[in-house]
Each structure stands twice: as structure tokens, then as C-alpha cells.
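Following: one structure in C-alpha cells, then a few remarks.
Each reported figure results from applying straightforward, stated rules to the coordinates on display, with no laboratory input. The model shown is predicted, which means the values in this text are computed figures rather than measured ones. Please note: Cβ atoms are built from the backbone with ideal geometry, for glycine as well, and neighbour counts cover all protein chains shown.
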Amino acid sequence: MYIPKLFAQQNETEIVQFIEHNNFGILTNQVDQRPWATHIPFSYSQSKEGKHQLTGHISKANKQWESFENEDEVLVIFSGPHAYISSSWYDHENVPTWNYTAVHVYGKICLLNEDELYQELAKLMEKQEAAVQNPKVLAQMPQELVRKEMKGIVGFRIDITEFQAVEKLSQNRDSKNHQAIITELEQSNDTSSHTIAGLMKKNKE
């Protein structure tokens, strides 16, 4: 993606944290010579060799998986918080804009076998259930039901070859206007605007 140098995020640790926090992404590739995208949750991990990886699954009825060939390159898009920046917030005439955060991941895809898919589902469920009052793990569920449902999905792993990350947080504004934007965002009723304000503060530290 196009990333102006001022807005580029290159800290690998923070990029990984972003993916883990915003793990509902968009898997894209070419299907029948057209762009194709599926919105799904992902799990991040590192291999024993230290290789960055994503795992996920899609419906077997989704023909996207039929186009996966071993080592095909795919793109996964992760979106973070975003907020509209009004031109009325500046102390000078300027155009409105949008502050946002996003990560694009390129990698080589391969399909998982049944055991690998089970482990991927268990890991994903464990992570998501951590915030639930009475969490469950996959092993606690009726295994006959689990295996039956697994027949309707296809699992995959992506070996990551490149991260592209952007944090557009008004880095091109002077201190006075930067603070004015933060103040306006904090007064908004929008949760995402509050998050962007917090990221702008952190970015200035």
C-alpha cells in the first residue's frame, strides 16, 4: 500500500501486537481472474525457526480456497481505529482528513490437514474465550459435533514474507494543532476517535 514516510510504522513488535489486537482481517487473492476477499479471524504465531505465521479457516462452500496453491502469495488486511479530522479544528485554513491505522501482510499460503486445523481452532477459541465470563475450550465441547462442523471448513497457514504498516496520526501538524485535534477527538462520542486521540498522545511521547 502507499505509505508516506512520515506515517510508516516499522516496529515489528508493535506491528505484531496490532495484528493480535485487531485479528479480524480480510484475506485477499485472485479467484477466476478477479480480486476476492473474505472477512475472517486470524491467529498469529511464530514457528520454531522464528518465522512469522498466520493461521485461519474459511467455509468449504467459499470457492476462494479452491484457488489456493502451495506457495501462492496472498494479502491479509488488518484495520485499526480511525477518525475524521475536521478542517475547523485548525488555527489556519486547511482541508479535512482522516487519521487511521492499518497493517497489510503478504505471505505464502498452504492448506492445513485435519489435526493442524483442530489445533488452529483450539488456539483461536482459547484466545477469544479469555474475555468471556465462563470460558470454554475446544476440548470441552462434544468432539463428535466438533469433527462434524470441521468438515464444512478449510484451514490454512500463511508464512509471512512482508509487513506493511501505517499510523497516520497527524504527525505532520505542529504542536498547537496536534493538541487541538486530540482535544476535539476526546470530546467526541465515538470510541474510535478516543482511541486515535490516545495513539496520537503516545506517538508524541
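Per residue of the chain, what 222 nm ellipticity follows from adding -39500 (n - 2.57) for every DSSP H run with n ≥ 4, rounded to the nearest 500? If you can, show how the numbers build up before the last one.
On the way: 5 runs with 60 residues, N = 205.
For the chain, the value works out to -9000 deg cm²/dmol.
Given R₀ = 35 Å, what would the calculated FRET efficiency be for Glu20 paired with Ser87, taking r from the Cβ atoms and rounding to 0.05? It would help to have the intermediate numbers written out before the result.
On the way: r = 35 Å, r/R0 = 1.00.
According to the calculation, E is roughly 0.50.
Report the FRET efficiency, 1/(1 + (r/R0)^6), for Asn62 and Glu116, where r is their Cβ-Cβ distance and R0 is 25 Å, rounded to 0.05.
After rounding, the FRET efficiency stands at 0.85.
Where in the stretch 1-30 does the amide nitrogen come within less than 20 Å of the point 7 Å from the Cα of Glu73, taken along Cα to Cβ?
Taking a point 7 Å out along Cα→Cβ of Glu73, the residues of the stretch 1-30 whose backbone N falls under 20 Å are 1-4, 26-30.
Plugging the Kirkwood radius over Cα pairs into Stokes-Einstein for the chain, at a temperature of 20 °C and a viscosity of 1.002 mPa s, what D comes out in µm²/s?
Rounded, D is 112 µm²/s.
Cα gyration tensor of the stretch 68-151, axes a ≥ b ≥ c as square roots of the eigenvalues: rounded (a/c below 1.5), prolate (a/b > b/c) or oblate?
oblate
Within a 10 angstrom radius of the beta carbon, how do Arg34, Arg173 rank from fewest other beta carbons to most?
Arg34, Arg173
Which distance in nm do the two modelled labels at Gln140 and Ser192 give, with both placed 7 Å along the Cα-to-Cβ direction?
Spacing of the two 7 Å Cα→Cβ label points: 3.4 nm.
Round to the nearest 10 and give me the degree value, 0 to 90, for the angle of helix 12-21's Cα axis relative to the longest principal axis of the chain.
Between the helix axis and the principal axis of the chain, the angle is about 70 degrees.
When averaged across all projection directions, what area in nm² does the alpha-carbon convex hull of the stretch 137-205 cover?
9.3 nm²
Could you work out the relative contact order of the stretch 5-173? I mean the mean sequence separation of Cα pairs under 8 Å and 6+ apart, divided by the number of residues, in percent.
30 percent
If each of Lys48 and Thr161 carries a label point 7 Å out from its Cα toward its Cβ, how far apart are those two points in nm?
So the two model labels end up 2.5 nm from each other.
For Asn11 and Thr28, compute 0.36 nm times the residue count separating them, minus their Cα-Cα distance, and round to one decimal in nm.
Value of the extension gain: 3.7 nm.
For the cross-link pairs Lys127/Lys148; Lys60/Lys123; Lys63/Lys123; Lys127/Lys168; Lys176/Lys202; Lys123/Lys168, which exceed 27 Å when the distance is taken from alpha carbon to alpha carbon? Show your work: numbers first, answer last.
Numbers: Lys127/Lys148 22 Å; Lys60/Lys123 20 Å; Lys63/Lys123 25 Å; Lys127/Lys168 29 Å; Lys176/Lys202 16 Å; Lys123/Lys168 32 Å.
Table pairs above 27 Å Cα-Cα are Lys127/Lys168; Lys123/Lys168.
What is the local net charge at Asn113, summed over the other residues whose Cβ is closer than 12 Å to its Cβ (Lys, Arg +1; Asp, Glu -1)? Don't skip to the answer; put the middle values down first.
On the way: positive: Arg157; negative: Glu114, Asp115, Glu116, Glu120.
That works out to -3.
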